[in-house]
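Worksheet: one structure, shown below.
Bear in mind that the values in this text are calculations on the coordinates, not laboratory data. Since the structure is predicted, the reported quantities are computational estimates derived from the model, not experimental observations. Neighbour counts are summed over all protein chains in view; Cβ atoms, including those assigned to glycine, are modelled from backbone coordinates with ideal geometry.
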Amino acid sequence: MAQSLLEQEAIAEFFSPTGPLARLFGSAYEARPAQVEMATRVARQFRQGGQLLVEAGTGTGKSLAYLLPAAIRAREEGRPVIIATYTIHLQEQLIHHDLPIVQQALAQWPRASYLRWEQQPVRFALAKGWSNYLCRLQLQLAQQPALFGEILPLSSLLDSEESEPAGDGAAEIPEALGRWAAQTQEGSRSDLSLPLPDPIWAQVAASPDSCLRAHCPHYDNCFFFLARRRLQQAELIVTNQHLLLTDAAIRSLGETVGREMSILPEVREVVVDEAHHLEEVASQCLGEQVSSGRLFRIAQQARDASQRELMAAIRRLFDRLQTLLLAASPASHSLRIDKTRRSSSDWQELVQEAESIQIGFNQLVSALRQRASEARQLLEDGKVGEAGSQVGPAAAGRRGKLGDETDAGVGAVTARAGVVTANVIQNADRTRLAPSTSELMILLQVQAWENAAHQAEMAAASLVELIRADDPDQVFWVEGTRGRAGRPEAPNGAAGGEVRLHAAPLEVGALLQRSFFGTTAAVVLTSATLSVGGEGRFYARRWGVPRADWLALPSPFHWQEQACLAVPTDIAAPDRLDGPVLAEQTARLLAPLVAGVQGRTLVLFTSYAHLQATREQLAARPELSGFTWLAQGERPRSQLVQAFTRVVGQNAVLLATDSFWEGLDLAGPLLSCVVVARLPFPVPDEPLVAARAERVQQEGGSPFRDWFLPQAVTHFRQGCGRLLRTATDRGAIVVLDPRLVQKPYGAVFWRSLGLVPWTGRWAELLPRVIDFIQNRAE
């Protein structure tokens with residue numbers, strides 16, 4: 001057998017100026033020593049096992065550096081390797097750009113001929129969760145309104161938090177979806193051009209809870225299971241971090257549950273890109289949430305008087321939680337359930353109310369399971385036959401006996417089983433479903449009732465646990481959705497708002513070690529920003545892998561020559577100004593800057609309120625009337641980026657926050673200036689942030705130094721990294737926060753960029769910045 005391609009010599013050849021990559025790209029290819037070093041270390045980690053943290057600066061080419069050894073390892077060992085990212089943007093780049101390049105290069109590499117890539121190219125696939133795929137059976141049901149009205153909509157069992165109306169034309173949606181289903185190859189929502197509200201999609205989306213699996217007439221051509229079969233054949237699987245960790249947690253529950261519910265195949269090697277988000281994702285996957293909307297939807301599975309009592313109890317509880325939100329934190333709109341609060345008499349009353357709701361849900365669970373048992377018995381007795389037949393007297397008698405043995409409320413609910421099955425049978429001949437329509441529909445209804453019972457049981461238990469909030473290793477908080485007037489909406493969801501109870505682990509390290517790191521032979525975690533103060537201990541410690549190997553590869557870009565960093569010092573620090581004054585100052589500083597560089601500017605904010613107020617100020621300035629203002633929130637992210645690209649020569653300015661701090665690739669003349677409106681420190685009074693800071697202090701650390709500062713520096717570096725995307729880019733970073741140079745900790749920020757800031761009065765700095773940008777060709 002030939003020498004493994006995972007050896008350093010082979011990897012160096014692949015990336016060399018005469019290797020297969022160079023032949024593929026021609027004169028445009030640029031060999032990068034750091035790329036070879038990273039690929040070699042990744043290959044070594046696959047062989048020896050354990051964890052490796054790699055900080056690969058912008059321009060390293062880290063995607064190809066891990067995809068090459070991953071592809072080789074998968075082919076040599078005959079098992080898949082998973083690549084998990086945080087953003088959809090990177091997943092699309094890997095699937096549509098980087099992996100095809102690796103595929104082509106390996107097929108043309110004589111040294112790799114023993115792995116037969118020229119005959120069987122690298123097999124790769126994108127893994128998505130259930131709800132991303134259309135369910136053919138649910139669509140078929142949605143196209144049968146007469147029958148569908150008799151069956152409880154399975155969409156109500158899904159935990160969708162959306163409540164916007166379907167809008168005009170909703171009646172034509174099933175037909176439009178039907179036409180799409182007949183044409184689409186993947187059945188994925190991302191391929192659907194039809195604008196579809198989340199609640200409508202939820203009605204026709206695949207779900208593990210409502211899936212009939214092999215009993216479904218569409219099983220052989222089910223979009224989800226076809227995708228799952230492709231995953232079983234893939235060598236490289238691209239997915240998101242959320243699915244990766246959720247799947248790992250499911251597998252940790254046991255072999256039977258893991259095999260039934262998991263989506264990803266078992267693997268030994270994983271690469272986590274954009275790894276600085278891993279703790280955030282783990283907190284979501286390993287935490288809990290219960291919302292008013294979710295409880296209402298589950299309660300609506302009942303059809304008797306007890307349902308109204310349960311709904312009223314839920315409304316009273318969440319009304320009181322809403323009142324607490326408004327009284328305690330009207331600005332932040334979230335309220336931490338700390339020890340002092342949960343010991344109060346008011347909170348004890350809330351606990352009692354939650355326990356009473358749990359009792360009501362237990363009754364609902366009993367009723368739903370009775371319904372399922374009764375309907376299943378009809379099938380087993382053979383009382384469901386050809387279309388138009390009636391429910392037999394034996395089944396009716398059983399329903400009467402069942403009603404006598406239960407209390408009045410549960411008995412009334414249970415009797416619904418017979419009514420539904422009878423209506424299904426009588427209407428089956430009016431449908432276009434399969435010949436065994438009646439059996440199939442009753443089986444679906446049984447599945448719906450059993451799932452509703454499971455959801456009710458889980459939600460009721462979670463509600464009591466979240467209200468009690470007595471686990472010292474979790475942080476608990478209540479949160480309301482902001483309404484149009486800036487206030488929490490009523491919990492009935494009528495205006496689109498909800499109240500939610502949350503729990504998240506204070507520390508995810510031990511949980512990740514148990515469910516992920518401890519069950520995966522080799523994990524490579526990489527990002528452009530993993531170091532704080534030049535080392536990677538912060539993230540390694542937070543993830544529970546303090547002994548992980550560490551590799552730092554600087555960016556090949558010449559930041560000192562390609563970029564400048566300017567910080568005006570004759571302005572007030574943003575943390576000392578209220579909203580309107582801060583927006584006025586930001587707009588006043590931005591106006592001459594964007595005018596001088598003719599747009600091509602990305603302005604990064606830390607809050608929507610600051611962004612929106614600044615946008616209004618800028619739009620009102622007559623001297624900027626010829627500019628194109630693109631603000632996050634006005635349209636989807638992808639459309640904003642496309643618009644910015646199209647009007648780059650027309651004084652375009654992009655105002656953004658949140659996700660635009662990373663994953664945005666605007667190379668060359670598209671972007672000449674990045675403005676950081678405020679240093680991106682975490683909001684200190686957010687419940688999860690505050691609780692973790694307290695834990696750091698309890699352990700003898702400094703919350704600011706050991707928690708807030710590392711988070712802010714990572715976010716800052718990500719934002720500034722939007723400026724230089726190629727070796728020929730040139731531009732300016734302007735930070736409108738003088739704390740960067742006036743506070744001792746500010747040096748940690750600018751040293752992380754390798755740039756010494758220009759400082760002084762804005763009137764003096766502005767000409768230097770404009771001149772630096774306009775002379776980018778020099």
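A simple rule links phi to the HN-Hα coupling: the Karplus curve 6.51 cos²θ - 1.76 cosθ + 1.60 with θ = phi - 60°, which for region 723-730 gives 6, 9, 10, 9, 5, 9, 5, 8 Hz, with x for Gly and Pro. Taking label points 7 Å from Cα along the Cα-to-Cβ direction, residue 552 and residue 343 give a separation of 4.4 nm.
Sparsely packed loop sites in region 536-578 (the trypsin sites (Lys or Arg not before Pro) outside DSSP H, G, I, E and B with at most 10 other Cβ atoms within 10 Å) comprise 547. Extending 7 Å from the Cα toward the beta-carbon at both residue 29 and residue 704 defines two label points whose distance is 5.2 nm.
Between residue 694 and residue 577, the modelled labels are 3.3 nm apart [label points 7 Å from Cα along Cα→Cβ]. Answer rounded, prolate or oblate for region 590-671, using the Cα gyration tensor with square roots of eigenvalues a ≥ b ≥ c: rounded when a/c is under 1.5, else prolate when a/b is larger than b/c, else oblate. Note, shape of region 590-671 comes out oblate. Shown here are the Rg and Dmax of the Cα trace of region 569-712, at 17.2, 55 Å. Close amide H partners of residue 205, meaning residues 5 or more places away or on another chain with modelled amide H under 5 Å apart, are 135.
Amide H to amide H, with H built 1.01 Å from N, residue 50 comes under 5 Å of 522, 523, counting only residues 5 or more places away or on other chains.
In this structure the amide hydrogen of residue 758, modeled in the peptide plane, comes within under 5 Å of the amide hydrogens of 565, 566, 567, none closer than 5 places in sequence on its chain. When you count the other C-beta atoms within 10 angstrom of each residue and take the mean per peptide, 57-64, 182-189 line up highest first as 57-64, 182-189.
Available extension along the chain between residue 628 and residue 114 is 179.5 nm, counting 0.36 nm per residue and deducting the alpha carbon span. For region 83-122, the list of chymotrypsin sites (Phe, Trp or Tyr not before Pro) that fall in a loop by DSSP and count at most 11 other C-beta atoms within 10 angstrom is empty.
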